[in-house]
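Here the structure comes first, spelled out in structure tokens, and everything after it is commentary.
The values are calculated or read from the model by the stated rules, or taken from the named source; none is laboratory data. Bear in mind that the values here come from a model prediction, so they are computed numbers and not experimental data. Cβ placement follows ideal geometry from the backbone for every residue including glycine, while neighbour counts extend to all protein chains displayed. With ligands, DNA and RNA removed, areas are computed over all heavy atoms of the protein, side chains included. Shrake-Rupley method; radii C 1.70, N 1.55, O 1.52, S 1.80 Å.
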Amino acid sequence: EARDKIAMGRERKSMVISEHEKKTTAYHEAGHAVATFYCPTQDKVHQISIIPAGRAGGYTLSLPKEDRSYRSKADMETDILGLLGGRVAEKLIMDDISTGASSDIKRCTEIARGMVTEYGMSEKLGPVYLGSEQEVFLGKSFAQQNANLSERVSTDIDAEVHAFIQAAYDRAENILTEHRDQLDKLAELLIEREKLDAGEFDCF
């Protein structure tokens, strides 16, 4: 419990949540969990909750099986896929999207930009370091901090970042569409119980 509190923040059980918002959160978190489950390289889901905690309306917590010194391109692509599972589920089930995916989208963009500018994982731009040696401060954009990059290269970077994210989104959409029955059942179970641990999720 202490570990989960540190990772996700204190649960806010006293919050009054509408049925619509509860359903949206349940599908959002179920989307993360199901998308992650069908990516073998992803860490195992440890806990899923739709109880507000910290600044989040719910969470899907995964724990690594072992320490890692580095991440592969495939690992990072599926990291993005898992993060987008919540947004994809909202769109697929509710035919709408919410602000609940904001931190997921931010993290996806950070991962994809790192793949392109720091780790040379873009086939179009190649194994070239395109990051900044300086810390990015508020008010200064990526392009401003990297004045040595041409406008064309900056445009290519943005396009490659978008391509990584869109490819992961499409894969997540395919997974959740194919396993819609599991997505529905997991969301219903979350609405009923509010929190599931690894054992309950595995047997599900």
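Selection over the range 31-44 of residues that are more than 14 Å from GLU178 (Cα to Cα) and of a type in the set (A, V, I, L, M, F, W, C) gives a count of 1. GLU90 falls short of the stated requirement of being modelled with pLDDT of 95 or more, under 15 Å from ALA35 (Cα atoms) and open to solvent by 50 Å² or more (accessible area, probe 1.4 Å). The listed residues are GLU77, GLU66, and the only one of them that is within 13 Å of the chain's Cα centre (by Cα) and charged (D, E, K, R) turns out to be GLU77.
The number of residues in the range 185-204 that are out of contact with any strand residue (DSSP E or B) (no Cβ under 7 Å at 6 or more places or on another chain), open to solvent by 30 Å² or more (accessible area, probe 1.4 Å) and touching a residue at least 40 places away in the same chain (Cβ under 8 Å) comes to 2. The listed residues are LYS106, LYS124, and the only one of them that is in a helix (DSSP H, G or I) and open to solvent by 60 Å² or more (accessible area, probe 1.4 Å) turns out to be LYS106. ASP170 meets each of the listed conditions (1) open to solvent by 70 Å² or more (accessible area, probe 1.4 Å); (2) among the charged types (D, E, K, R); (3) modelled with pLDDT of 95 or more apart from (1).
For the range 88-114, enumerate the residues that are among the hydrophobic types (A, V, I, L, M, F, W, C) and more than 15 Å from TYR169 (Cβ to Cβ).
Scanning the range 88-114 gives ILE93, MET94.
Taking only the range 55-71 into account, find how many residues are exposed (fewer than 13 other Cβ atoms within 10 Å of the Cβ) and either at pLDDT 95 or above or within 23 Å of GLU192 (Cβ to Cβ) (or both). Break it down stepwise before answering.
Residues of the range 55-71 that are exposed (fewer than 13 other Cβ atoms within 10 Å of the Cβ), as a first pass: 55, 63-70.
Narrowing the set further to residues that are either at pLDDT 95 or above or within 23 Å of GLU192 (Cβ to Cβ) (or both) leaves none.
Within the range 55-71, residues that are exposed (fewer than 13 other Cβ atoms within 10 Å of the Cβ) and either at pLDDT 95 or above or within 23 Å of GLU192 (Cβ to Cβ) (or both) number 0.
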